[in-house]
Structures are given as structure tokens and as C-alpha cells.
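Peer 1: Sharing a structure with you now.
Here, each number is a calculation from the coordinates, and none is a lab measurement. Computed from a predicted structure; not experimentally measured. With ideal geometry, Cβ positions are generated from the backbone for all residues, glycine too; neighbour counts draw on all protein chains shown.
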Amino acid sequence: MSFSTRVIWKEFSHSKIGIAGIVILVILFSMSAIAFVTIPLDSFKTWNDPTSWLQYPKSAQPAWVNYFQSEKIPEHLILKPASMSQQIGSVYFLTDSFVFNYNYDGFPSDFIYQYTVQYSGSPLLQMSVTRPDGVEIQIISTSMPFASSTVTYSSMIFSTQDVIAKNIASAKNKYAFSLDGISSEKIIFSKLDQNQILKGQYVFRVHLYDVSEKPVLVKSNLVLGGKVYGIMGTDELRRDLSVGLLWGTPLALFIGITVSIGSVVLGLVYGVYAGYKGRATDEVLMRFNDVIYAMPALPLLIILAVTIGNSIFLMVGFLVVFGWVGIAKVSRSMALQIKTLQYVETAKLMGQKDYKIIFKHILPQLLPYAFASIAISVPAAITTEAGLSFLGLGDPSFPTWGQILHDASSYSAAARGMWWWILPPGIMIAVTGLAFVFMGQAMDGIINPKLRH
Amino acid sequence: MGFKKFLAKRAITMFGVLMATLLVTIILVGSNMDSISKQSAALEIRQQVTNNKSLLSSFKTTEQLDSYIANQIKQRITALGLDQPWYSPQRIGLSMYKILTLDFGHAKFLTSDSGSSDVRDIILEKLPRTILLFTTATAIVSVLGIFLGTVAASKVNSKLDKITSGFAIISSSFPVWWIGVLMIFVFAFLYPIFPARATPDLSVTDPGYWGSLLYHMALPLITLVIIGFGSWAYLVRNFLVGVLQEDFITAKRAVGIDEKRILYSHALKNAAPPIVTILALSLSGSLGGAIITEAVFDWPGMGRLYFEAISVLDLPVIIGATYVLTAFFLVSVFVADVLYGYFDPRVRRE
């Protein structure tokens with residue numbers, strides 16, 4: 001019955017699946033660290049705010065699908081500029097250039113230029129593109145509204161604007177085909193002899209001229225519409241799924257580990273106390289345990305979430321309420337055995353207090369079992385929370401993998417073949433669960449050597 | 001302790017659990033339920049007054065009418081006992097008594113397929129479908145699992161044994177409903193073999209109804225079996241491996257009884273109590289999980305009813321469905337306990 005930590009670790013390190021579990025867990029923890037470092041929590045909290053995802057594409061597949069395809073699907077590009085400014089006489093020039101290689105087998109669906117500029121007076125904004133074949137096309141020329149003092153002005157230029165079509169039409173004699181009825185992006189990115197995609201390096205330039213004061217481009221983004229984006233793609237609400245999946249990792253680990261530690265500690269203390277005290281105390285405590293044990297957890301969890309609240313911390317509490325009972329039963333029967341051991345009886349005879357006997361002599365004996373139970377009860381906590389979130393009862397301010405799947409199912413992702421929206425969250429749930437199951441299995445093998453044969 | 005006393009004790013505990021669950025549910029939804037019943041009483045009075053033309057014309061001013069209506073509502077609320085706070089012992093006792101006698105009242109929004117809004121009718125319509133799906137699944141899973149587990153236990157550490165254990169561990173970490181979504185994606189849309197919605201499209205009176213029901217049941221059934229049989233086989237294997245190490249098996253081997261016979265008749269018989277218990281427990285477990293599974297497959301049973309009731313907050317249905325689900329859950333837990341006590345007398349003596 002007695003184990004030392006060293007022996008356990010030695011046995012554990014010989015178990016292949018135990019090590020596999022630890023490796024997966026380390027990867028998950030590093031993913032959480034990456035999430036904390038690269039994606040600030042504030043920006044993650046805008047997950048459910050549609051306005052913060054405007055520049056992302058709708059329902060785009062992950063960009064790497066292009067590796068498996070002979071025809072490259074246009075990628076959605078969100079480009080940052082290289083800035084340059086100069087002063088000639090009294091005129092200030094500001095140039096933002098966007099350089100990119102366009103090697104896809106299709107036209108971009110559109111392009112949008114988003115900008116925020118600080119100026120006074122009435123600066124002029126010009127946008128032009130230099131194509132791989134050297135042809136330069138003027139796209140737009142527009143002036144900002146006049147301001148006598150310094151103002152900040154935000155606006156967007158859309159490829160669908162009529163004025164762009166008119167400007168491009170002035171280059172129509174360069175093209176060998178008629179430009180009537182063809183949208184702007186299909187002209188800009190087209191070969192001259194026929195309306196086909198022209199691959200190569202494009203340079204979009206945005207010039208800002210002002211005489212009175214040097215203008216500042218606070219924000220300047222060129223978005224090229226495409227059908228694939230990022231590592232994990234985007235969903236129907238234009239959200240970058242990699243952000244959600246990455247942030248789901250610490251949330252799932254938090255829920256799983258807190259719930260299992262909470263349940264195991266509660267169950268251990270409860271069970272050991274009942275077993276140690278015996279008689280009427282034991283009877284009453286165990287009948288109460290029976291009552292909770294036989295309650296249907298999921299319906300009650302749903303009612304609790306609907307009536308009391310669905311904050312993530314409350315959820316953890318609810319899961320603990322239903323999680324401790326099995327552990328209490330087992331630890332009670334273990335305590336029944338341990339309390340008959342001689343050293344415990346001696347301690348009792350010597351007049352040691354009950355809580356001291358429980359915490360110093362009985363609980364340490366149960367630690368290996370406790371660790372195995374913690375590992376084994378993590379997956380259930382994670383899947384239960386995911387299930388509740390999948391039903392739409394999760395905490396909306398902390399979107400979890402279950403909620404990503406909830407959104408996927410409410411936009412009928414399965415029917416529309418959006419595998420990149422369905423597969424990754426489920427795999428993440430399962431892999432996280434597996435890490436703990438592996439570790440639990442390894443520890444179980446150490447505690448119950450009988451099963452190893 | 002005799003078996004009868006053991007039975008009685010378990011039965012009393014189970015009844016206690018049923019009451020406790022009911023009490024918790026009523027307390028949780030009580031205040032909402034209270035305002036809903038008050039509103040519906042007020043609405044009823046208002047309708048009665050507006051429909052009664054002669055009564056309506058006897059009022060001279062709108063103030064008179066309003067005070068009359070307010071008075072009537074007050075009287076009705078007192079008559080219904082709604083004037084006391086919802087947490088008063090009488091009202092909780094009354095609601096518990098009503099639910100115990102299966103009087104769940106009328107649903108707020110949901111109706112049964114035949115159009116009745118009586119919660120009892122709705123539940124009676126959905127319950128058989130849930131029982132059909134989940135008992136069939138449990139039956140298939142247990143047969144498959146016992147067979148595979150026995151084979152794995154007879155060849156411990158063989159390739160088959162390792163595959164079974166590996167499959168069990170991996171399949172148990174995937175949420176059933178997620179596998180369900182995948183199955184729908186693959187077998188209803190990518191390769192349209194099965195319907196995506198499990199609700200049969202024929203009416204109950206149609207002669208092809210049962211065929212259609214079974215066809216629509218196939219996908220959820222296959223999913224439940226795929227997810228379930230691995231862990232079953234694993235459990236059966238572990239029990240059997242434990243039994244096979246007992247002395248009496250070694251003795252039988254020494255006597256020269258054929259290994260197959262030892263496995264199938266002696267070892268399996270001794271591993272029966274835990275296996276039977278798990279059979280009953282897994283049935284109750286799957287009933288609890290039915291809410292999500294049925295929501296995914298759109299299977300028109302208790303689980304989906306529960307889900308729909310939650311999404312529109314139809315409290316009478318929620319209370320009724322919780323009660324029935326709990327009752328079924330408890331019956332299977334009770335059966336598991338009793339079977340275990342019957343097979344393994346040590347439990348009774350505890």
C-alpha cells in the first residue's frame with residue numbers, strides 16, 4: 001500500500017504512454033504560453049464582436065490546403081505597408097507601399113484599403129499599382145475633407161467603388177479585350193492580351209500629399225480578398241479560428257485541472273473523514289453521497305447553467321459538485337483499511353487529534369490514488385464543459401472549443417463541408433483528454449499492478 | 001443483512017434521490033415558474049373579460065374596467081395559491097405532489113407531434129423513441145464488447161489485445177456528440193448514405209413509418225456503438241484478467257480443463273456481477289448523455305425535447321422531462337445495485 005514518490009516516478013518514467021501523456025501536456029502548456037504572449041487577452045475578448053473581424057475573410061479554408069492542390073486558391077492577404085516620407089519644397093510626400101507576390105490561380109475577390117490619417121488642411125490621397133509586367137495603373141485619387149486644425153480621419157477604399165472603375169477605364173487601350181462589365185480587381189490582376197490572372201510581384205502604392213503640415217498615416221492596411229487564410233482558416237463570422245483554438249487551450253486546461261483537483265480534494269477529505277469516523281457519521285455522510293451519486297448530472301448541470309448563471313467559474317463549481325462523489329466512495333473504503341493499521345491505532349491511543357491522524361497518517365497514503373484520480377477525471381470535466389458549451393450554455397466572454405463547435409453547428413458547418421471548422425476543436429478536446437488518460441493509465445498501472453499482465 | 005432488507009434500503013435511497021432532484025429542480029426554477037404562472041393567470045382573466053361583451057359594456061370608464069380586472073386577477077391568484085411566495089412549504093409541497101402524480105401541467109410553447117400541449121402527452125410521445133435508440137445501442141455495444149473483451153483477455157498482450165485497449169482509450173476521449181457531427185458530415189453530406197436529420201419524415205399512421213424510423217435511427221445508432229464498444233471491451237477484458245489470476249482458475253488449469261472452457265464458462269461467470277452492473281450503469285449514463293446526442297442527430301426523443309425546452313425556457317416541460325429522465329436514470333441505477341447485490345453477496349453485508 002505504501003509508495004514513495006521516487007519509486008512512483010521511476011516506474012512512471014518506464015511507462016511509454018505515461019511519457020506520451022506528459023509530452024502532449026507539455027505541448028499544450030506551451031501552446032497556452034504562446035496564446036498568452038502573442039494574443040493579448042483583450043483582443044481575445046473581442047471574439048464575439050463582429051466588428052473586430054471585418055478585415056478577415058468569410059468561411060475561408062486554411063491556407064495550407066494549397067499545398068495539396070494543383071490550382072492555388074487565392075489567399076486572403078492582410079498587408080502591412082513599408083512607409084516612406086519626404087519633403088520637396090513646401091509639399092510633404094508620404095508613401096506607403098505594399099509589395100507582395102501574387103501566385104494564385106484565381107483573381108482576388110476584391111480589395112479594400114483601410115486608413116486612418118492625421119492631418120490639417122486638405123491632403124490628397126492617390127493610389128496606384130505597379131504590375132509584374134511594369135504597367136502602372138492609377139486606381140484612385142481623392143482628397144480629404146478640409147480641416148483648419150489637426151483632425152483624425154478614418155475611411156476605406158473599396159474595389160467596388162465606381163470611381164475606381166472609371167479611373168481604370170482610362171487604361172483600356174492597353175488591354176486587348178473589352179473591359180465592359182469586368183470588375184476592377186479582375187482588370188488590375190489580368191494579363192493584357194486576355195482576361196487571365198497575371199502572376200508575379202505587385203506593388204500597391206498609396207501617396208499622401210499635403211502642403212500645410214506633415215500628414216501621419218496612423219493606420220494603413222491593404223486587404224486582398226481570398227478564399228484561404230491563416231493556419232486554421234476562418235469561420236462564417238470571419239473569425240480567425242487559430243486565435244480561438246489557441247486560446248481554448250489554457251481555458252480547457254484551467255477547467256479540466258481545477259475541476260479535477262477540486263473534486264479529488266473534496267472527495268478525499270469527505271471519504272476519509274467518513275471512513276475514519278465510522279458509525280453514524282459514516283452512515284449519514286454516505287447516504288448523502290449516494291443521493292448526489294445517483295443524480296443525473298447533465299440535466300441538473302443544464303438547469304443550473306440556465307437559472308444560476310454560466311460564468312466559467314460557476315461552471316467549474318457545478319462540475320465539482322457532481323465530480324467528487326465517486327472519489328469519496330473509493331477513498332472511504334481505503335480509509336477503512338488504513339485505519340485498522342497498527343501505526344494509525346497507535347497514534348490514536350497516544351491521543352493524537354482526529355484531524356492530525358487524517359492529514360498526517362491517512363491522506364498521505366492515498367496520494368498516489370489521488371494523483372491517478374486527478375489525471376483520470378480531467379477528460380470528463382473537459383468533455384462535459386465542452387458539451388454544455390456545445391448546447392450554447394457556455395460562458396460567452398471566454399469562448400472555449402465547445403463554443404466554437406456550437407457556432408459551427410448553428411451555422412450548419414457540416415452541411416456546408418466546412419471541415420476546418422469542425423475537426424480541429426474536437427481533435428483538441430480529444431488530445432487534451434488523451435494526455436490525461438495516458439498519465440492516469442500509467443499511474444493506475446503502478447497502483448494496481450494486477451492489470452499490467 | 002438479508003437480500004430483502006438490502007433491497008428495501010436501496011429503494012428508499014433511490015426514492016430519496018428522486019425527491020431531492022425534484023426539490024432542487026423546483027427550487028432552481030421556482031421564481032421564474034412563479035412569474036410565469038402569475039402572468040398566465042392574468043392573461044386568462046383578461047381574455048375572459050374582453051370576450052364577455054355584456055360585462056364589458058356595463059363599465060362606464062376604463063378605470064372601472066381596470067380595477068375590476070385587477071380585482072379578478074387578485075382573486076384568481078389567491079384561489080390558485082399563488083399569493084404565497086413560491087418558496088413557501090405549501091406551494092413547494094403542492095408542486096411536488098403534482099409532479100409525483102405525473103401532473104406536469106401545460107407546456108408554454110412546445111407541443112407534441114399530435115398537437116397536444118399537455119406535458120404528459122409530449123413526454124409519452126418522446127420517451128419510447130429515446131428508449132428504443134439507447135437500449136438498442138447498449139445491447140449491441142454490450143454484446144460486441146463482451147465478445148471482444150473475452151477474446152482480448154484470452155490473448156493478453158497480443159496484437160488484438162493492444163489494439164482493443166488502445167481503441168478503448170482513444171474512443172473514450174472523444175465526445176460522442178463530436179463524433180456524431182463528424183458522422184453526419186461524412187455519411188450524410190460527403191457520401192449521402194444516411195439522412196442528416198434523424199427525425200422520420202413520415203407520419204405515425206403511415207405503414208412505412210417503422211421502416212423510416214429505423215433508417216433514420218441508423219446513423220445515431222452506429223455512432224453510439226462505435227464510441228461505446230471499445231471501453232466495454234476494455235472493462236470486460238480487465239475484469240476477466242483479474243479473475244483469470246485467481247487460485248481456482250489455476251486449480252482448474254492444473255486439473256486439465258480446456259482453456260477455452262475455463263475462459264467462457266468459469267471466468268466469465270465470475271466476472272458477471274461487475275459486467276451486469278456496468279450494463280445497467282452505461283444505460284443510465286447514455287440516457288443522461290442523450291440530451292446532447294439527440295440534439296446533434298435531431299432524434300425526436302426526450303433528449304431533444306429537453307434541449308428544445310431549455311432553449312425556449314419552457315419550464316413545465318423542463319421540470320417534467322427532468323423528473324422522467326431522473327426516474328429512468330434511478331431505475332437503471334437501482335437495477336444495477338440489485339443485480340450486483342444478487343450476484344455478489346459480499347455487497348449486502350457491507
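Peer 1: For the stretch A:92-217, take every pair of Cα atoms, bin their distances at 10 Å starting from 0, and report each bin as a whole percent.
Peer 2: Histogram of Cα-Cα distances, whole percents per bin: 12, 42, 29, 14, 3.
Peer 1: Sticking with this structure for a sec: Relative contact order for chain B: what percent, with Cα pairs under 8 Å and sequence separation of 6 or more? Could the numbers behind the result be given before it?
Peer 2: On the way: 370 pairs, mean separation 85.7, N = 350.
RCO, chain B: 24 percent.
Peer 1: Work out Dmax and Rg for the stretch A:52-128 from the C-alpha atoms and quote the Rg first, both in angstrom.
Peer 2: Using the Cα atoms of the stretch A:52-128, the pair Rg, Dmax is 17.2, 54 Å.
Peer 1: In whole Å and largest first, what semi-axes does the C-alpha gyration tensor of the stretch A:242-310 yield when each eigenvalue is scaled by 5 and square-rooted? Walk me through the intermediate numbers first.
Peer 2: On the way: eigenvalues 213, 61, 11 Å².
Taking √(5λ) for each eigenvalue gives 33, 17, 7 Å, largest first.
Peer 1: Taking the Cα atoms of chain A, report the difference between the largest and smallest coordinate on each principal axis, in whole Å and largest first.
Peer 2: Principal extents (largest minus smallest coordinate, Cα): 103, 53, 42 Å.
Peer 1: Still on this structure, please answer the following. How many percent of Cα pairs in the stretch A:282-371 exceed 14 Å?
Peer 2: Numbers: 2889 of 4005 pairs.
For the stretch A:282-371, the fraction of Cα-Cα distances above 14 Å is 72 percent.
Peer 1: Additional query: Find the Rg to Rh ratio for the stretch B:218-328, where Rh is the Kirkwood radius over alpha-carbon pairs and Rg uses the same atoms. All intermediate terms of the calculation are to be shown ahead of the outcome.
Peer 2: On the way: Rg = 20.6 Å, Rh = 16.9 Å.
We get a ratio of 1.22 for the stretch B:218-328.
Peer 1: Give, in whole angstrom and from largest to smallest, the semi-axes √(5λ) of the equivalent ellipsoid of the stretch A:347-453, with λ running over the eigenvalues of the Cα gyration tensor.
Peer 2: Numbers: eigenvalues 360, 69, 11 Å².
Those come to 42, 19, 7 Å.
Peer 1: Still on this structure: Report the relative contact order of the stretch A:169-235, percent, no decimals, based on alpha-carbon pairs under 8 angstrom and at least 6 residues apart. Walk me through the numbers before you get to the answer.
Peer 2: Working: 28 pairs, mean separation 11.5, N = 67.
Once divided by the residue count of the stretch A:169-235, the mean separation gives 17 percent.
Peer 1: Using only DSSP helix segments of four residues or longer, with each worth -39500 (n - 2.57), what per-residue ellipticity at 222 nm results for chain A after dividing by its residue count and rounding to 500? Write down the numbers at each step before the final one.
Peer 2: Working: 14 runs with 216 residues, N = 453.
That comes out to -15500 deg cm²/dmol.
Peer 1: Going by C-beta contacts inside 10 Å, put A:Met439, A:Met127, A:Met156 in order with the fewest on the left.
Peer 2: Going from least to most buried by this count: A:Met156, A:Met127, A:Met439.
Peer 1: When you look at the Cβ of every residue in B:44-53, what mean number of other chain Cβ atoms sits within 10 Å?
Peer 2: 0
Peer 1: Ok, one more. Please arrange A:Val330, A:Val129 by counting, for each residue, the other beta carbons lying within 10 Å of its beta carbon, fewest first. Can you show the working numbers first?
Peer 2: Numbers: A:Val330 15, A:Val129 18.
Exposure proxy ranking, most exposed first: A:Val330, A:Val129.
Peer 1: Give me the compactness ratio for the stretch B:134-194, meaning the Cα radius of gyration over 2.2 N^0.38 Å. Walk me through the numbers on the way to the answer.
Peer 2: Details: Rg = 14.7 Å, N = 61, 2.2 N^0.38 = 10.5 Å.
Working it through for the stretch B:134-194, the quotient is 1.40.
Peer 1: Which is farthest toward the positive dipole end of the stretch A:1-91 among A:Ser30, A:Leu54, A:Ile78, measuring Cα position about the Cα centre, with Cβ charges +1 (Lys, Arg) and -1 (Asp, Glu)?
Peer 2: Looking along the dipole axis, the top candidate is A:Ser30.
Peer 1: Using only C-alpha atoms and all pairs of different ones, pull out the Kirkwood radius for the stretch B:1-116 in Å with one decimal.
Peer 2: On the way: mean 1/r = 0.0567 Å⁻¹.
Over the stretch B:1-116, the inverse of the mean reciprocal pair distance is 17.6 Å.
Peer 1: How big is chain B along each principal axis, measuring the range of its Cα positions in Å and listing the largest first?
Peer 2: 103, 58, 35
Peer 1: What is the mean projected area of the alpha carbon convex hull for the stretch A:212-268, to one decimal in square nanometres?
Peer 2: Details: hull surface 33.1 nm².
Averaged projected hull area, Cα only: 8.3 nm².
Peer 1: Across all directions of projection, what mean area in square nanometres is found for the Cα convex hull of the stretch B:56-130? Don't skip to the answer; put the middle values down first.
Peer 2: On the way: hull surface 32.3 nm².
Over all viewing directions, the stretch B:56-130 projects a mean Cα-hull area of 8.1 nm².
Peer 1: Treating only the Cβ of Lys, Arg, Asp and Glu as charged (+1, +1, -1, -1), what charge dipole size does the stretch A:176-268 show about its Cα centre? Round to the nearest 20 debye. Mind showing how you got there, number by number?
Peer 2: Numbers: 9 positive and 8 negative charges, 34 e Å.
In debye, rounded to 20, the stretch A:176-268 gives about 160.
Peer 1: Evaluate the stretch B:123-230: find the radius of gyration of its Cα atoms, find its Kirkwood radius, and give the ratio Rg to Rh. Present the calculation step by step, with values, prior to reporting the outcome.
Peer 2: Details: Rg = 16.6 Å, Rh = 15.6 Å.
Using only Cα positions, Rg/Rh for the stretch B:123-230 is 1.06.
Peer 1: Quickly estimate the mean residue ellipticity at 222 nm for chain B, helices only: each DSSP H run with n ≥ 4 gives -39500 (n - 2.57), and the total goes over all residues, rounded to 500. Could you put the intermediate results ahead of the total?
Peer 2: Numbers: 13 runs with 265 residues, N = 350.
Result for chain B, helices only: -26000 deg cm²/dmol.
Peer 1: Using only atoms on other chains, find how many Cβ atoms lie within 10 Å of each Cβ of peptide B:175-186 and report the average.
Peer 2: Working: counts 14, 2, 9, 15, 2, 2, 9, 5, 1, 5, 9, 2.
Mean partner-chain Cβ count within 10 Å for B:175-186: 6.
Peer 1: Now for a different question. So how do A:382-390, B:28-36 stack up, highest first, on mean other-Cβ count within 10 Å?
Peer 2: Details: A:382-390: 28.4, B:28-36: 16.6.
Output ranking for A:382-390, B:28-36: A:382-390, B:28-36.
Peer 1: Taking each pair of distinct Cα atoms in the stretch A:1-150 once, what is the resulting Kirkwood hydrodynamic radius in Å? Walk me through the intermediate numbers first.
Peer 2: On the way: mean 1/r = 0.0457 Å⁻¹.
Evaluated on the stretch A:1-150, it is 21.9 Å.
Peer 1: Specify, per residue and in Å³, the volume enclosed by the convex hull of the alpha carbon atoms belonging to the protein assembly as shown.
Peer 2: Details: hull volume 234.4 nm³, N = 803.
Residue-normalised Cα hull volume stands at 292 Å³.
Peer 1: Taking the highest mean first, how do the peptides A:188-195, B:309-316 order by number of other beta carbon atoms within 10 angstrom per residue? Could the numbers behind the result be given before it?
Peer 2: Values: A:188-195: 16.2, B:309-316: 19.9.
Most protected by this proxy first, the peptides run B:309-316, A:188-195.
Peer 1: Ranked by Cβ crowding within 10 angstrom, fewest neighbours first, how are A:Trp9, A:Trp420 ordered? Present the calculation step by step, with values, prior to reporting the outcome.
Peer 2: On the way: A:Trp9 12, A:Trp420 21.
The order, fewest Cβ neighbours first, is A:Trp9, A:Trp420.
Peer 1: Over every pair of different alpha-carbon atoms in the stretch A:56-100, take the mean of 1/r and invert it; report that Kirkwood radius in Å. Walk me through the numbers before you get to the answer.
Peer 2: Working: mean 1/r = 0.0718 Å⁻¹.
Evaluated over the stretch A:56-100, this radius sits at 13.9 Å.
Peer 1: Calculate the translational D of the stretch A:179-276 in whole µm² s⁻¹ from Stokes-Einstein, where the hydrodynamic radius comes from the Kirkwood formula applied to all Cα pairs, the temperature is 20 °C and the viscosity 1.002 mPa s. Please report the intermediate quantities before stating the final value.
Peer 2: Details: Rh = 20.5 Å.
Value of D from the Cα-based Kirkwood radius: 104 µm²/s.
Peer 1: How large is the charge dipole for chain B, taken about the Cα centre, if only the Cβ atoms of Lys, Arg (+1) and Asp, Glu (-1) carry charge, to the nearest 20 debye? Can you show the working numbers first?
Peer 2: Working: 30 positive and 24 negative charges, 203 e Å.
The calculated dipole for chain B is roughly 980 debye.
Peer 1: Evaluate the relative contact order of chain A (contact order divided by residue number), counting alpha-carbon pairs under 8 angstrom at least 6 apart; express in whole percent.
Peer 2: On the way: 771 pairs, mean separation 99.4, N = 453.
Contact order relative to length: 22 percent.
Peer 1: Evaluate the charge dipole of the protein assembly as shown about its Cα centre and quote only its size in Debye, nearest 20, assuming +1 on the Cβ of each Lys and Arg and -1 on the Cβ of each Asp and Glu. All intermediate terms of the calculation are to be shown ahead of the outcome.
Peer 2: On the way: 63 positive and 52 negative charges, 523 e Å.
Here the protein assembly as shown has a charge dipole of around 2520 debye.
Peer 1: Give me the inter-chain shielding for A:429-442: mean count of other chain Cβ atoms within 10 Å, whole number please. Intermediate results must be reported in sequence, preceding the final value.
Peer 2: On the way: counts 4, 8, 2, 1, 6, 5, 1, 1, 5, 2, 0, 1, 2, 0.
What the average comes to for A:429-442 is 3.
Peer 1: Could you tell me the convex hull volume per residue, in Å³, taken over the Cα atoms of the stretch A:186-229? Numbers along the way, then the final one.
Peer 2: Working: hull volume 5.6 nm³, N = 44.
About 126 Å³ per residue, rounded to a whole number.
Peer 1: Work from the charge dipole of chain B (Cβ charges, +1 for Lys and Arg, -1 for Asp and Glu, about the Cα centre) and give the residue of B:Met19, B:Leu213, B:Val317 farthest towards its positive end.
Peer 2: With unit charges placed on the Cβ atoms, the residue in question is B:Met19.
Peer 1: Placing +1 on the Cβ of each Lys and Arg and -1 on the Cβ of each Asp and Glu in chain B, which of B:Thr199, B:Leu287, B:Met33 has its Cα farthest towards the positive end of the resulting dipole?
Peer 2: The one lying farthest along the dipole's positive direction is B:Leu287.
Peer 1: Give the separation of the Cα centroids, the stretch A:1-66 to the stretch A:99-169, in Å.
Peer 2: Value for the Cα centre distance between the two parts: 40 Å.
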